[in-house]
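Encoded as structure tokens, the structure appears first; notes follow it.
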């Protein structure tokens, strides 16, 4: 079995949410110390929100993977959901880049991986940002298909 594990997106999100959790917790503690009820409420709410985001980032970073076996190709989502395509029906993996609404590709580029069946229908698609580049290259090499658009 070859698999592409989760990439740096989860590390960045986790680090940012950890930093914001610490800042909001310090704000909450400071507001409690000076008896500021509005500051304490806001600090507590932001601490809970960023703490939840941190927890979800840790869980999702451990779950996300794209894999291939001799029998099937599949993707495991952030909350554990699985999408699969039987290897006998597999045709290609396409890397598709989506631009902004004006079609200029200046502001954002959202690359997705579309796993297509032989009949031309997408079996499933997933964001390319979720996986490590080297894992995607290994997966494409294992499947014997180029990873391109």
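The values are calculated or read from the model by the stated rules, or taken from the named source; none is laboratory data. Small disclaimer: the values here were computed from a predicted structure and weren't measured. Methodologically, a virtual Cβ is constructed for each residue, glycine included, from the backbone with ideal geometry; neighbour enumeration extends over all protein chains shown.
Take residue 40 and decide whether it is free of Cβ contacts under 8 Å to residues at least 40 places away in the same chain, under 25 Å from residue 144 (Cβ atoms) and in a helix (DSSP H, G or I). Explain how you work it out, then say what you get.
Details: free of Cβ contacts under 8 Å to residues at least 40 places away in the same chain: yes; under 25 Å from residue 144 (Cβ atoms): no; in a helix (DSSP H, G or I): yes.
No; evaluated as a whole, the condition is false for this residue.
Here is a check on your reading of the model: is residue 14 within 21 Å of residue 126 (Cα to Cα) and part of a helix (DSSP H, G or I)? Spell out the reasoning first.
On the way: within 21 Å of residue 126 (Cα to Cα): yes; part of a helix (DSSP H, G or I): yes.
Yes.
Of all residues in segment 98-121, which are at pLDDT 85 or above and in contact with a strand residue (DSSP E or B) (Cβ under 6 Å, 6 or more places away or on another chain)?
Residues satisfying the conditions are 113, 114, 115, 116, 117, 118.
Do any strands (runs of 3 or more DSSP E) entirely within segment 51-92 hold 3 or more residues that are free of Cβ contacts under 8 Å to residues at least 60 places away in the same chain and buried (at least 16 other Cβ atoms within 10 Å of the Cβ), and if so, which? Talk me through it step by step, then tell me what you get.
Working: elements: 65-68, 72-76, 82-86.
Once the strands (runs of 3 or more DSSP E) in segment 51-92 are filtered for at least 3 residues that are free of Cβ contacts under 8 Å to residues at least 60 places away in the same chain and buried (at least 16 other Cβ atoms within 10 Å of the Cβ), what remains is 72-76.
Checking residue 35 against (1) in a helix (DSSP H, G or I); (2) on the phi > 0 side of the Ramachandran plot: exactly one of these is not met. Which one?
Result: residue 35 fails condition (1) only.
Return the residues of segment 1-28 that are out of contact with any strand residue (DSSP E or B) (no Cβ under 8 Å at 6 or more places or on another chain) and crowded, with 18+ Cβ neighbours inside 10 Å; say none if nothing qualifies. Before you say what the answer is, go through the steps one by one.
Here is the first cut: in segment 1-28, the residues out of contact with any strand residue (DSSP E or B) (no Cβ under 8 Å at 6 or more places or on another chain) are 8-28.
Those that are out of contact with any strand residue (DSSP E or B) (no Cβ under 8 Å at 6 or more places or on another chain) and crowded, with 18+ Cβ neighbours inside 10 Å: 10, 14, 17, 21, 24, 27, 28.
Go through 66, 54, 45 for me and flag whichever is farther than 25 Å from residue 138 by Cβ and under 18 Å from the mean Cα position of the chain (by Cα). Steps first, please.
Values: 66 fails: farther than 25 Å from residue 138 by Cβ; 45 fails: under 18 Å from the mean Cα position of the chain (by Cα).
When all the criteria are applied, what remains is 54.
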